[in-house]
Structure formats: structure tokens, C-alpha cells
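See below for the structure under consideration.
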Amino acid sequence: MPAQRAPIHLTQPSIGQAEIAAATAVLRSGLVVQGPEVAAFEDEFAAALAPGAHCVAVNSGTSALHLSLLGLGIGPGDEVIVPSFSFAATANAVKLTGAIPVFADIDPATYCLDPAATAAALTPRTAAIIPVHLYGHPAAVDTLADRNQLALVEDACQAHAATLHQRPVATFGAAGAFSFYPSKNMTALEGGMITTFDPHLARTLRLLRNQGMEQRYANEIVGGNWRMTDVAAAVGRVQLGRLPAWTAQRRANAQVLGETLPTDGGLQVPRAAAGAEPAWQQYVVRIPGGPGERERAQRVFAAHDIATGVYYPTPIHRLAPYADTAPRHGWDLPHTEAAAGQVLALPVHPGLTTDDLHRIANAADAAVPAHEHGRPAAPAARTGAHR
Ligand SMILES: Cc1ncc(COP(=O)(O)O)c(C=O)c1O
């Protein structure tokens, strides 16, 4: 057994004194819901994203997706193309509108919607497409937006600050949705943000999140309560300021992992597609074999006090609530099925030290050992100083 060392967590939200001070100030102010902090968070998020962007803060990433669809008028009778290889929230948002999620396969290199598979899933009832920037890697939204005359709602819940051809994700489609859940690259405790360049859609979204009201008790449409608290927004504003440094650190960590993880046992490291600058919300390798080999690898990492995770072991179309969406011929999603059995997330968060990164690479040597033949001599143990 390796010597006991500090555990390396898979995600590590960083909530410091500045966030605590900002939250406390809101609580002292008495203006705690949908007040000045929310307005400032929206303005600052829009300014950081792109000129001309409108941002509408809501209480979760799921709400951001759900309201985007409602705001675009999507509902019963419509079909929305989504990847099955995502968090269930992506498809749940579609189901909650009464529309039908239609699952298309992924590109096995990026784990994001494959444009050709998406084209094959189109029907006269298709009303929108939700590409997911999974693990923080940009989906092929440029191709998807160009080829289809349909609304794109970008699920950027895992992709704060990711870019494609130097353009931020969530700026390609009709709307983009971010999450501020604590495991994401920045947090507002719970929360979400919708981005759009359409001022009319932005106004509709503001109405929807607040019972259809702009003026109190002058309800214009049917809406709900999807408001963000000012405590959340105050925390989010501090985190937004820290996001550029964190993103740079995630990218640096991903580069070190890409250079040091041993691949001679068949482990596959992720590579960014041409023009893509991922946000590395997760660093996901593939373990050769199936779930059994992956579980074995996870146990080895755990013995080295390194946490790992599987996002996602079950494709959405195989989850119970989606049984009724299967077409008669069943779903044919081979890349989704293969990925679900092999992906393994390793720590990449900005709190990792250089030594942590070397520990991960060393543990991978044992977790995915090279085959007996054809393997060069075991590399010398990697060491590194704490940052
Ligand atoms: C891809 C994806 N979509 C949607 C969501 C939903 O976000 P939230 O948990 O803030 O509702 C998440 C996060 O959990 C996610 O990872």
C-alpha cells in the first residue's frame, strides 16, 4: 500500500473570505432576492461573455435550460435533439416542457453531439437542438448552427469560459445555459445563467422567471418562480472575478496530465478538437475494456487516495423516465454506449499542486498497467514540488 497522503478530491469548490464577506453584506442589507446583486451579476457575466449579450440569472442550470426552451415557445408536439451522454438535466428540461427528447449519438473524440448523427435525427417536428459542451469541451456548435435552421440551446453548464475558434461557448445559439452548482468551474451555491443576444427573448425570460411580471401585480404571461437570491449572486460575482485564473490553471493542469499520464496500457487521454479551448470542468480518460476494468482502476486510484468519478455510467435513454421515448427500432447510439462503459474522470481542479498531478500520473501507472510485452521499462517515479 502506498504511504497515506492527503486525499486528492475530484472537485474542490473554493469559497473564501471574499465570498463570505459578500454574502454577509447581502444578508445585512435586507435586499436578499432578485435585487442589486443579481442585476450586477447579470451585467458582469454579460460583459465577460461577449459584447451585446443579455444575461438572465435563475436558480439553477436546469432552470436555465427549461426557461430557454419555454421562452422559445417549445412544448408539446415538438421534438428536441439532445445527446444521451449527458447529465439527465439536459433531457429533463425538454421533458418538463412537454416536448420529446430525441437522442443523437456523440463524437467519440469530444463526447459531444455528432453533427452527422444530429442531422440523421431531424424530423419535421424537430424544434430545437441542445448541444452539451460536455466536460467543458466545446460541442461543434459552429457546424450545428450553420447546418440547421433550428434554434440551438447550448448547454454550457460545464463550460464556463470555454471557446471555439476564439468565440465563447453559449454565444452560437439562440440561448446558452450555465450552472453554478458547486462542482462547476465557478459557483453561486446553486444558480444558473441564461445568455442570449435577442432582447425580446431576454425580456420573455425575465417575465417567465418572475410569475410573468415586470411591474408588480401587472402579470403579462404565465410564469413561475425561478429567481436567484442576492446571496447567490454576490457569491457568483466574486467567483466570476476568479474564473480567468482558475480556467488558466485547469488548462495548465490538463496539459501536465496529457503529457505525464501513461498511455502504454491503453489509457486514452482527452485531446481538444481543432479550434477548441476547453474549460476542463472534468478531465476524462478512457479505460480500455469495460466497467469491470474501470472499477478496478478506480480502486487502485482510491488506494492512492485519489478520487475519481464516472460521468455518466448510464446514458439518459436507458434511465427509467426515458423508457417511453424509445422508437420502435430502439436507439442506436454506439459511441454513447461505449463511452458510458469506459470513461473515468480524474482530478483537474485548480487546487491541485504539481505534486498532486505527479501522484495522479504515478497512480495511473498502477491503475492501467501496460501489457506484459511491448512495454518499455517502468518510468521512474515522478516527483514534483508543491506549488
Ligand atoms: C451538462 C449539465 N446540464 C445541466 C446541468 C444542470 O445544472 P444544475 O445542477 O445547476 O441544475 C448540469 C449540472 O449539474 C450539467 O452538468
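Structure summary
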quantity: 25 °C / 0.890 mPa s Stokes-Einstein diffusion coefficient of region 114-249, Kirkwood radius on C-alpha pairs, µm²/s; calculated: 150 µm²/s
quantity: Theoretical ellipticity at 222 nm over the chain - DSSP helices of four or more residues, -39500 (n - 2.57) apiece, nearest 500; calculated: -11500 deg cm²/dmol
quantity: Convex hull of Cα atoms in region 17-239, direction-averaged projection (nm²); calculated: 11.9 nm²
quantity: Relative contact order %, the chain, counting alpha carbon pairs below 8 Å whose residues are six or more apart; calculated: 21 percent
quantity: Under the Karplus curve 6.51 cos²θ - 1.76 cosθ + 1.60, θ = phi - 60°, whole-Hz ³J(HN,Hα) for region 158-169, x wherever Gly or Pro sits; calculated: 10, 10, 4, 6, 6, 10, 10, 6, 6, 10, x, 5
quantity: Heavy-atom accessible area order for Thr263, Thr354, largest first, 1.4 Å probe; calculated: Thr263, Thr354
quantity: Of Pro313, Pro124, Pro369, the one that fluctuates the most in a GNM where the chain has Cα springs shorter than 10 Å; calculated: Pro124
quantity: Probe 1.4 Å - accessible area at Glu214, Å² to nearest ten; calculated: 110 Å²
quantity: Radius 10 Å from Cβ of Leu67, net charge of other residues (Lys, Arg +1; Asp, Glu -1); calculated: +2
quantity: Per residue accessible area of region 17-239, 1.4 Å probe, in Å²; calculated: 37 Å²
quantity: Paramagnetic label zone (point 7 Å from Cα along Cα-to-C-beta, Leu31; backbone N under 16 Å) in region 220-234; calculated: 228-234
quantity: Relative packing of 35-41, 68-74, 323-329, which averages over residues the other C-beta atoms within 10 Å, highest first; calculated: 68-74, 35-41, 323-329
quantity: Region 243-367 - accessible surface per residue (Å², probe 1.4 Å); calculated: 40 Å²
quantity: Whole-angstrom Cα spans of the chain along principal axes, big to small; calculated: 73, 57, 36
quantity: Candidates Ala53, Ala104, Ala18: whichever shows maximal mean-square fluctuation once the chain is modelled as a Gaussian network with Cα springs under 10 Å; calculated: Ala18
quantity: Cut-off under 5 Å, modelled amide H: who pairs with Ala276 long-range; calculated: His165
quantity: Within the accessible area of the chain (1.4 Å probe), percent carbon and sulfur; calculated: 56 percent
quantity: Accessible-area value, Tyr181, 1.4 Å probe, nucleic acids and ligands omitted, Å²; calculated: 110 Å²
quantity: Contact order normalised by residue count of region 17-239, Cα under 8 Å, 6+ apart, percent; calculated: 27 percent
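The values are calculated or read from the model by the stated rules, or taken from the named source; none is laboratory data. Worth saying up front: this structure is predicted, and the values here are computed from it rather than measured. Don't worry about glycine lacking a Cβ; one is built from the backbone with ideal geometry, like all the others, and counts go over all protein chains shown. All accessible areas refer to the heavy atoms of the entire protein, side chains included, with ligands and DNA or RNA removed. Shrake-Rupley method; radii C 1.70, N 1.55, O 1.52, S 1.80 Å.
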